[in-house]
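Written out below as structure tokens is the structure these notes cover.
Read-outs throughout are calculated quantities, based only on the coordinates presented, and are distinct from any laboratory measurement. Keep in mind the model is a prediction, meaning the values are calculated, not measured. Don't worry about glycine lacking a Cβ; one is built from the backbone with ideal geometry, like all the others, and counts go over all protein chains shown.
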Amino acid sequence: MTTPSSDSPNSAAATTDAALADTLLMCVDMQPVFVRAVAEGTSIQKRCAFALAAARGLGMPIIFTEQVPDKLGATDPALRALAPDAPVYPKRTFSVLADAATRDAILADGKVQHLLLCGIETSVCVYQTALAAREHGLEVTILSDAVSARRPDDARACLEALARAGVHVLPSETIFYAVLHDVKHPFFKAYTQLVKAAS
């Protein structure tokens, strides 16, 4: 779990206009075989669970991806249970958007303008998916506390490179508070309970 250096161009202000109508949370390859392999896997799993619970509570669209699930297994069942109706996209490419059918399913109607990414691995699938999404004109935010890699130094370098490429790299709590805007939001009290439970 790493974040860019303090001189990163990202700031909380960059995504305070996050809107539910055009924002999608993509949970990338949270399969047990990968969770066990990355640094702080258990912590990342908990932070992904937090992000999924927050997104679901807000009514934000959610999708899961799985890398070669027929060989590497499905998404962790506890995470799937947090968004049981969310579509799951199996893949063999590293970038989720490299597969034309998957890309069209996610982007064809033009509704998605802002992509939130959590999952693994920061230096492979998350990195390539974030860059591809930027190439397709999307705003992209990496939930910095909900991504990881086998080598923390690799993850850090990739997050810094993504920040330079215009990707926002911010903690999940910050992003969801930005979506709420203020304490009058109907999900605010439930969200603060999620925050406390995850602390």
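What the table shows:
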{"quantity": "Pick from the range 164-199, criterion free of Cβ contacts under 8 Å to residues at least 40 places away in the same chain and aromatic (Phe, Trp, Tyr), ranking: farthest from Thr122 (Cα to Cα)", "calculated": "Phe188"}
{"quantity": "Matching residues in the range 82-97 - criterion: being within 13 Å of Leu25 (Cβ to Cβ) and assigned to a helix (DSSP H, G or I)", "calculated": "Val96"}
{"quantity": "Test: Arg150 is out of contact with any strand residue (DSSP E or B) (no Cβ under 7 Å at 6 or more places or on another chain), basic (Lys, Arg), surrounded by fewer than 23 Cβ atoms within 10 Å (Cβ to Cβ) and farther than 14 Å from Ala49 by Cα", "calculated": "yes"}
{"quantity": "Members of the range 147-197 found to be of a type in the set (Gly, Ala, Ser) and not in a helix (DSSP H, G or I), listed by number", "calculated": "Ser148, Ala149, Ala165, Gly166"}
{"quantity": "Members of the range 25-81 that are of a type in the set (S, T, N, Q) and assigned to a helix (DSSP H, G or I)", "calculated": "Thr42, Ser43, Gln45"}
{"quantity": "The range 110-128, residues that are among the β-branched types (Val, Ile, Thr) and touching a Phe, Trp or Tyr at 6+ places or on another chain (Cβ under 8 Å)", "calculated": "Ile120, Val124"}
{"quantity": "Residue in the range 45-79 that is surrounded by the fewest Cβ atoms within 10 Å (Cβ to Cβ), counting only those that are among the charged types (D, E, K, R) and closer than 19 Å to Ser148 by Cα", "calculated": "Lys46"}
{"quantity": "Leading residue by the ranking (farthest from the chain's Cα centre (by Cα)) among those in the range 98-123 that are acidic (Asp, Glu) and not in a helix (DSSP H, G or I)", "calculated": "Asp109"}
{"quantity": "Test: Lys111 is among the charged types (D, E, K, R), more than 16 Å from Ala133 (Cα to Cα) and exposed (fewer than 14 other Cβ atoms within 10 Å of the Cβ)", "calculated": "no"}
{"quantity": "Per-region count, the range 160-171, residues among the aliphatic types (A, V, I, L, M) and over 13 Å from the mean Cα position of the chain (by Cα)", "calculated": "4"}
